[in-house]
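The structure appears right after this line, and notes come after that.
What follows is calculated from the coordinates using simple rules that are stated; it is not laboratory data. Computed from a prediction, not measured in an experiment: that's the story for all the values here. Note that each Cβ is placed from the backbone with ideal geometry, even for glycine, and that neighbours are counted across all protein chains shown.
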Amino acid sequence: MNKPNERKLTIARAMAEATAQEMRIDPGVFVMGEDVGQLGGIYGNTRGLIEEFGSERIRDTPISETAFIGAAVGAAQDGMRPIAELMFVDFFGVCFDAIYNLMAKNIYFSGGNFKVPMVLMTSTGGGYSDGGQHSQCLYGSFAHLPGMKVVQPSNAYDAKGLMTAAIRDDSPVVYMFHKSLQGMGWLGTEKAATVHVPEEQYVVEIGKAKIAREGKDVTIVGLGMGVHNALKAADRLAEQGVSAEVVDLVSLVPLDRETIRASVAKTGRLIVVDEDYMSYGVTGEIIASVTEHNISALKAAPKRIAYPDVPIPFARGMEQFCLPNPEKIVAAWGEMAA
Amino acid sequence: MAPTRDELHWMYRYMVISRRFEETIAEAYFEGKTPVFNMANGTIPGEMHLSDGQEPVAVGVCAHLKPTDVVTATHRPHHQAIAKGVDLDKMAAEIFGKKTGLSGGRGGHMHLFDANANFACSGIIAQGMGPAVGAALSRKMQGKDGVAVAFLGEGAVNQGAWHEAMNMAAVWKLPFVCVIEDNAWGISVPKDAATAIANNADRAAAYGIPGHRIEGNDPYKIYEVAGEAIARARAGEGPTLIEVETYRLAGHFMGDAEAYRPEGEKDALFAKDPIPAMRARMLEDGSASEAELDRIEAEAAERVAAAIKFARESEEPAPEDALTAVFA
């Protein structure tokens, strides 16, 4: 999708650009979180913003996630459009009450009389030996609980459009970005996530999946980093004469079940790739979405490739053993076709 | 600054409305729950936390608040909701779980939300701190007039959320007032068994802000101290912490046998019931006549009766309405 001379951005810069553009037209938008100010966010999501908008609207917080996420709820209910950054999603353990009991429930508890137009942006993912409290995805846990929209871009184009959509949404949106897609050199990075991004504002609809690659023999469903694993696997499968279709979920809540079902109706085979834990998670939900709708849509038992049900280990070999990768997807096809 | 005559009348009126409301709710709550008490049964199912005895805190603070100011309250929210100007008909209907309730029956008595009154409450201890501080931040950032008040119980100061939000309000110098209702009990655990210091106003020192403790559940004194704190917040001078000694005349929840109370405590508390005490004081200091107070009480009873009638006569929500209003 890249052409010569087109402007390419990393996901981090795309997020920052979307935020800045929305802040210019809506004075209610502001960002708060740990190290979002002078540092520009440890993943670069607010880089350069403090120079334009100042420390009131690009607001460093105390290390008090319960307080500042709770405060974002209060500010959102009072007419602002806060973007709060939870530095690592793993830190949700110290602030989940503010997230799922306040942010996610106040619209419902108020019978729709309160709006909670806030974005909770947070980093996910491992693969760089950061240990088991800085490497999780956990989006299945958020998506399981009603009242939050949950998105994760796989590339910078979607990252910008999703951020604009998330800021404008009157409901809370959990905007999850994968660290290895951010384009931060020090984290290692998936180059394919850095793509052409138009300068003007645009919206990527929340709740709509995308076909990242068309195919006819097997559907591979994933999100975030999983999409890149799926695309690489699809390249290798193509060498074997297998045509794989890759579905980028983009959004877990709302989940675009129609697009998944339509793809599987075409291919008859389903592999789901997920970096979140296997059990009770995204992979099971995707498969159930297909089978409960039409049990005969599948010509073979579906496969899932997800993080095994263990905490994330530190040692490189152990962590890489657990993570999804293109080889596992290709192997899953092999078992499926056998 | 002492309350004016009109303010005293307002305070007494709202204390009496609140008490009458709780008494009426208590009667309705036990309908269908005798001879066997089952929380799931009756006219009003679920938990019920009544505020009898704590009315002075609500009126002493809310006397200074405008409809545009923001209040967050707790699982024991009725007195504050009433004093903040929450629609009494819709509030009663919400407590009865009716379609005409504030939230169409989705919230219940611990989740009362009234956008017009800028009031919200929630069921987990210290949970209102973050949203109140956020509302205060919102007003400061927008340059709009407005103060946010979080009401909490004395047990809430031991929650991490409380400390986090107090510090953030102080470091950002927000128009925020934290009001601790010290009713001496966290369900069955007395304050001195749960909190290492006797006076939570001392904690203000940890945030470099003023702290005040008010003894005796005294609406006049609460009015005075809250007035200073709210004026200070409006003037941009930052938050204040206030702890008020108050009395929980009811159990923690309805059905609480209160066996943990020392013998004689309830009698001693009822002897200090703030409503007759305020009535006597107003008569004594000449700020109201017997006839005026009688009229206030009669009007309060009528107002509550109308709200309860509205709630009783309202229709139930359609069960499938449960599936709506998840998102804005």
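Points worth noting:
- Where the Cα pairs of region A:97-176 fall when distances are cut into 10 Å bins, in %: 18, 45, 29, 8, 1
- C-alpha long axis of helix A:282-291 to longest principal axis of chain A, angle in °: 50 degrees
- Look at A:V282, A:V204, B:V179 and count the other Cβ atoms within 10 Å of each Cβ; fewest to most, that gives A:V204, B:V179, A:V282.
- The mean sequence distance of close C-alpha pairs (under 8 Å, at least 6 residues apart), as a share of the length of chain B, puts its relative contact order at 23 percent.
- Dipole magnitude of region B:5-313 about its Cα centre (Cβ charges: Lys, Arg +1; Asp, Glu -1), debye to nearest 20: 1100 debye
- Convex hull volume of the C-alpha atoms in region B:44-137, normalised per residue: 92 Å³.
- Long-range Cα-Cα pairs in chain A (distance over 39 Å), rounded percent: 11 percent
- Chain B: Rg to Rh, with Rh as the Kirkwood radius over Cα pairs: 0.95
- Across all directions, the average projected area of the convex hull around the alpha carbons of region B:119-167 is 3.4 nm².
- Region A:8-196, relative contact order [Cα under 8 Å, separation at least 6], %: 26 percent
- Tail beyond 33 Å, pair distance distribution of the protein assembly as shown (Cα, percent): 52 percent
- Cα-based equivalent ellipsoid of region A:197-264: semi-axis lengths in Å, sorted from largest, via gyration tensor: 23, 15, 10
- Residue by residue, region B:35-46 carries 3J(HN,Hα) couplings of x, 9, 7, 10, 4, 6, 9, x, 4, 10, x, x Hz when phi is fed to the Karplus relation 6.51 cos²θ - 1.76 cosθ + 1.60 (θ = phi - 60°); x denotes Gly or Pro.
- For region A:210-337, the share of DSSP beta bridges that are antiparallel, to the nearest 5, is 20%.
- Computed over the alpha carbons of region B:158-270, Rg followed by Dmax gives 15.7, 47 Å.
- Neighbour net charge for A:L249 - beta-carbon separation under 15 angstrom, K R +1, D E -1: -3
- Measuring how big region A:8-196 is from its alpha-carbon positions, Rg and Dmax come out at 15.2, 46 Å.
- Kirkwood-type radius of region A:25-69, with distances r between different C-alpha atoms, in Å: 10.5 Å
- Principal-axis analysis of the Cα atoms of chain A puts helix A:156-168 at an angle of about 50° to the longest axis.
- When the Cα atoms of region A:1-94 are aligned to their principal axes, the ranges along those axes come out at 46, 31, 24 Å in descending order.
- Here is how the number arises for chain B: DSSP H runs of 4 or more residues each give -39500 (n - 2.57), the sum is divided by the residue count, and the result at 222 nm is -13000 deg cm²/dmol.
- Across the cross-link table entries B:K90/B:K266; A:K115/A:K149; A:K160/A:K191; B:K66/B:K90; B:K90/B:K221; A:K179/A:K328, which are compared at the Cα atoms, the separations over 24 Å belong to B:K90/B:K266; B:K90/B:K221.
- The alpha carbon radius of gyration of region B:228-328, expressed as a multiple of 2.2 N^0.38 Å, is 1.67.
- For region B:1-88, chymotrypsin sites (Phe, Trp or Tyr not before Pro) meeting the loop criterion (DSSP other than H, G, I, E, B) and having at most 12 other Cβ atoms within 10 Å: B:F37.
- Space enclosed by the convex hull of the alpha-carbon atoms of region A:210-337, per residue, Å³: 100 Å³
- Exposed-site-free run, longest, chain A (rule: GluC sites (Glu not before Pro); DSSP loop; at most 10 other C-beta within 10 Å): A:1-198
- Of all DSSP bridge pairs formed entirely within chain A, close to 15 percent run antiparallel.
- Region A:98-145 has equivalent-ellipsoid semi-axes of 30, 10, 7 Å, by the square roots of 5 times the alpha carbon gyration tensor eigenvalues, sorted largest first.
- Average projected area [Cα convex hull, region A:1-51], square nanometres: 4.5 nm²
- For chain A, the longest principal axis of the C-alpha atoms and the axis of helix A:11-25 are separated by about 40°.
- With kT/(6 pi eta Rh) evaluated at 4 °C and eta = 1.567 mPa s, and Rh the Kirkwood radius from Cα pairs, region B:286-326 diffuses with a coefficient of 97 µm²/s according to Stokes-Einstein.
- Of all beta bridges that DSSP places with both ends in the protein assembly as shown, some 15 percent have antiparallel geometry.
- For region B:95-184, convex hull volume per residue from C-alpha positions, Å³: 100 Å³
- Residue order, fewest to most surrounding Cβ atoms within 10 angstrom, among B:K90, A:K216: A:K216, B:K90
- Annotation for region B:1-108: GluC sites (Glu not before Pro) lying in DSSP loop with at most 11 further Cβ atoms inside 10 Å of their Cβ are B:E31.
- For region A:239-317, the set of chymotrypsin sites (Phe, Trp or Tyr not before Pro) satisfying both a DSSP loop assignment and a count of at most 14 other C-beta atoms within 10 Å is given as A:Y280, A:F314.
- Taking every C-alpha pair closer than 8 Å and separated by at least 6 residues, the mean separation divided by the residue count of chain A gives a relative contact order of 16 percent.
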